[in-house]
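Structure first, commentary second.
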Amino acid sequence: MVKTVVDSCFNTYSTSASTGASTNEGVNMSADTTTEQVTSEPISTGIVLTDAAALKVKTLLDAEGRDDLTLRVAVQPGGCSGLRYQLFFDDRSLDGDVIKDYNGVGVVTDRMSAPYLGGATIDFVDTIEKQGFTIDNPNAGSSCACGDSFS
């Protein structure tokens, strides 16, 4: 299992209904990873958002002032180890999306990312040492030295 810490600045992705053009606003998120345990079998229970994480996401969504956004969690190619997490607010609904609701917070995963995120727990920590979202992913077997990616 790899635990990833992600800062609390989300990107907002929106698509223009009239033109189909998309924009991506916000700050890219960084992640620190540490390897804790390796699992050979993928977990298929979906993403789990803790109460602390749901509350923080709800606070950030309220600050955006929009009620049509969900938290999209995706896995994209990139980084030293080959895969990188992306968390951002999104107003799109894609074919095959996996959608869950946690205390009024919608969490969306695309169908290609879902197998990589099965059983992953997203939490929010706020301590003197660090602040941000953590991702405990039982499917991630290793991470790179820079801490931004996993495999």
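The values are calculated or read from the model by the stated rules, or taken from the named source; none is laboratory data. Fair warning: this is a prediction, and the values are worked out from it, not measured in the lab. Every residue, glycine as well, gets a Cβ built from its backbone with ideal geometry; the counts of neighbours run over all protein chains shown. Just so you know, the surface numbers come from the protein's heavy atoms only, side chains and all, with ligands and any DNA or RNA stripped out. Shrake-Rupley method; radii C 1.70, N 1.55, O 1.52, S 1.80 Å.
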Practice problem: List every residue whose amide H lies under 5 Å from the amide H of G82, counting only residues 5 or more places away in sequence or on a different chain, with H placed 1.01 Å from N in the peptide plane. | Solution: F150
Practice problem: Hey, can you grab everything whose amide H is under 5 Å from the amide H of S113? Only 5+ residues off in sequence or another chain; H modelled, so Pro and N-termini drop out. | Solution: V75
Exercise. Would you mind telling me the share, in percent, of accessible area of the stretch 50-130 contributed by carbon and sulfur at probe 1.4 angstrom?
Key: 51
Practice problem: At 1.4 Å probe size, with every protein chain present, just tell me what the per residue accessible area of the stretch 74-142 comes to in Å². | Solution: 48
Quiz item: Which distance in nm do the two modelled labels at R66 and V98 give, with both placed 7 Å along the Cα-to-Cβ direction?
Solution: 2.5
Quiz item: Near the amide H of G141, under 5 Å away, which other amide H atoms are found, from residues 5 or more places off or on another chain, if H is placed in the peptide plane?
Solution: S151
Self-check item: 3J(HN,Hα) from dihedral phi, the stretch 86-100, Karplus parametrisation 6.51/-1.76/1.60, rounded to Hz, x for glycine, proline
Solution: 10, 10, 7, 7, 9, 10, 8, 10, 9, 4, x, 4, 9, 10, 10
